[in-house]
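The values are calculated or read from the model by the stated rules, or taken from the named source; none is laboratory data. In this text, all values refer to a predicted model and were calculated from it rather than measured experimentally. Cβ placement follows ideal geometry from the backbone for every residue including glycine, while neighbour counts extend to all protein chains displayed.
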Amino acid sequence: MTRDLHIIINAPLPSEQEKKLRALAPGMRLTMVPHGGTAIPKEALKDAVIIYTDMANFDPADAPRLKFVQTNSAATNPFRKSKVATDSTPVANVTGAYTAAVAECAMALLLALTRRITLGCRFQAESRWPEDYDPWAGDDLYGRTMGIVGYGSIGRHIARLAQAFGMDVLACKRRPAQRKDDSYLLPGTGDPDGKIPKAWFGQDQIAAMFRQSDVAMIALPDVPTTQRLIGKGELAALPKHSYFVNIGRGAVVDEPALIECLQKGAIAGAGLDVFVEEPLPASSPLWKMSNVLIMPHVASWTNMQAVRAAEVLIENVRRHLNGEPLVNLIDKKLMY
């Protein structure tokens with residue numbers, strides 16, 4: 001079986017992870033195809049059993065032996081328009097691989113706002129020491145409440161970090177009665193049993209959760225059921241002293257409503273890594289707001305990104321060889 005195992009690699013695969021992958025089945029064959037949109041040659045697809053890809057730029061009909069596709073992203077956006085999105089081929093993503101990196105970035109955005117680090121950067125750029133210290137008075141996270149919209153692997157690790165800061169956590173997810181998470185888990189991360197939140201809310205209860213939140217943390221994927229889920233009504237429910245952080249997807253927020261909210265001072269500030277349109281247009285008012293911190297969709301971008309994504313591939317290849325259920329299989333109707 002292992003000698004017939006042909007895996008097409010159409011995504012970054014660090015050398016150490018390649019060694020670990022080959023060690024699972026010494027007779028396996030790996031075909032390397034440049035990633036970033038390059039079409040996978042039909043000749044290579046003929047006997048491919050597994051495809052590891054970032055774009056799924058191929059027709060599954062050309063791969064009659066294909067058992068499953070492993071993407072190197074947690075989001076399904078890169079392959080939604082591909083044929084693999086609508087056929088019967090199982091597709092697994094790398095949910096859980098980027099959990100630590102994205103959660104750390106989320107907390108960094110929040111701390112940069114609450115501890116006026118953004119103000120410090122402006123003063124440093126001007127080589128200026130303040131005369132008036134009043135604007136530097138920060139906001140504590142200890143004793144505050146964070147409402148997390150999207151309690152998947154990333155949301156759960158943000159909750160873990162928030163709890164370590166002494167915060168209470170409220171959680172919102174599509175099925176709040178389903179507390180456990182069985183996706184891929186980096187050791188020591190997250191809240192797989194759902195024990196951290198003080199209360200749970202459904203997607204139609206976001207405003208109710210926001211009314212109790214000092215921080216609104218958005219960790220939602222961009223799928224049909226989440227687009228513009230955070231609208232005027234939800235934003236209006238936030239207390240004036242609250243902070244808004246989005247490390248999920250820009251499309252889940254009514255961006256004009258958020259801009260209006262910030263312009264009116266209806267909330268204290270926002271840390272944003274994602275936007276409706278990317279790159280964020282130079283004409284966006286968000287660029288010039290002193291209470292907004294902008295990052296260019298890089299929350300998962302660390303020197304461990306490719307390593308941790310490849311570890312999910314390795315785990316699923318191991319499971320395939322042992323006849324075990326794959327981890328992180330997506331529901332193609334929900335697209336996550």
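A single entry from VAL169, VAL252, VAL215, VAL245 fulfils the requirement of being of a type in the set (Val, Ile, Thr), touching a strand residue (DSSP E or B) at 6+ places or on another chain (Cβ under 7 Å) and farther than 21 Å from THR145 by Cα: VAL252.
Filtering region 1-39 to residues that are under 29 Å from the mean Cα position of the chain (by Cα), more than 22 Å from PHE79 (Cα to Cα) and among the hydroxyl-bearing types (Ser, Thr, Tyr) leaves only SER15.
For region 40-60, residues that are surrounded by fewer than 17 Cβ atoms within 10 Å (Cβ to Cβ) and either within 26 Å of the chain's Cα centre (by Cα) or touching a residue at least 24 places away in the same chain (Cβ under 8 Å) (or both) total 2. On the stretch given as region 95-144, residues that are touching a Leu at 6+ places or on another chain (Cβ under 6 Å) and of a type in the set (Lys, Arg) total 0.
Scanning region 296-307 for residues that are touching a residue at least 60 places away in the same chain (Cβ under 8 Å) and not in a helix (DSSP H, G or I) yields a count of 6.
For (1) more than 21 Å from the chain's Cα centre (by Cα); (2) closer than 22 Å to GLY152 by Cα; (3) not polar (S, T, N, Q); (4) not assigned by TED's automatic domain parsing to the domain that holds ARG116, each residue gets a yes or a no:
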| residue | (1), (2), (3), (4) |
| --- | --- |
| PRO224 | no, yes, yes, no |
| ILE230 | no, yes, yes, no |
| ALA236 | yes, no, yes, no |
| GLU311 | no, yes, yes, yes |
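Among residues of region 9-21 that are farther than 22 Å from ILE40 by Cβ, those with a Cβ under 6 angstrom from a residue that is crowded, with 16+ Cβ neighbours inside 10 Å, sequence gap 6+ or separate chain, pair up as LYS20/ILE314. Of all residues in region 125-132, none are out of contact with any Gly (no Cβ under 6 Å at 6 or more places or on another chain), of a type outside the set (Ser, Thr, Tyr) and part of a strand (DSSP E or B). Candidates ALA177, ALA171, ALA162: the one that is more than 18 Å from the chain's Cα centre (by Cα) and either farther than 22 Å from GLY269 by Cα or modelled with pLDDT of 95 or more (or both) is ALA177.
The numbered conditions (1) in contact with a strand residue (DSSP E or B) (Cβ under 9 Å, 6 or more places away or on another chain); (2) at positive phi are all true for GLY96 except (1).
For ASP87, indicate whether it is acidic (Asp, Glu), touching a Ser or Thr at 6+ places or on another chain (Cβ under 8 Å), within 16 Å of ILE330 (Cβ to Cβ) and not assigned by TED's automatic domain parsing to the domain that holds GLY152. Answer is no for this residue.
Find the residue count for region 250-294, including only residues that are of a type in the set (Val, Ile, Thr) and over 23 Å from GLN203 (Cα atoms). Spell out how you get there, then give the answer.
If we filter region 250-294 for residues that are of a type in the set (Val, Ile, Thr), which is where we start, we get 252-253, 259, 267, 274, 276, 292, 294.
Restricting the remaining residues to those that are over 23 Å from GLN203 (Cα atoms) gives 292, 294.
Going through region 250-294 one residue at a time, the tally reaches 2.
Residue under question is ALA310, and the condition is that it be in contact (Cβ under 8 Å) with a residue 12 or more places away in the chain, surrounded by fewer than 19 Cβ atoms within 10 Å (Cβ to Cβ), hydrophobic (A, V, I, L, M, F, W, C) and assigned to a helix (DSSP H, G or I); does it hold? Don't jump to the end; show me each part of the working.
Numbers: in contact (Cβ under 8 Å) with a residue 12 or more places away in the chain: yes; surrounded by fewer than 19 Cβ atoms within 10 Å (Cβ to Cβ): no; hydrophobic (A, V, I, L, M, F, W, C): yes; assigned to a helix (DSSP H, G or I): yes.
No: the conditions fail for ALA310.
Just one of the listed residues (LYS195, LYS180) is under 23 Å from ALA100 (Cα atoms) and touching a Lys or Arg at 6+ places or on another chain (Cβ under 9 Å), and it is LYS195. If you go through region 250-269 one residue at a time, do you hit one that is in contact (Cβ under 8 Å) with a residue 24 or more places away in the chain, closer than 30 Å to GLN17 by Cβ and not charged (D, E, K, R)? Checking region 250-269: not a single residue is in contact (Cβ under 8 Å) with a residue 24 or more places away in the chain, closer than 30 Å to GLN17 by Cβ and not charged (D, E, K, R). Going through (1) crowded, with 16+ Cβ neighbours inside 10 Å; (2) among the charged types (D, E, K, R); (3) farther than 23 Å from ILE117 by Cα one by one, ARG211 falls short only on (1).
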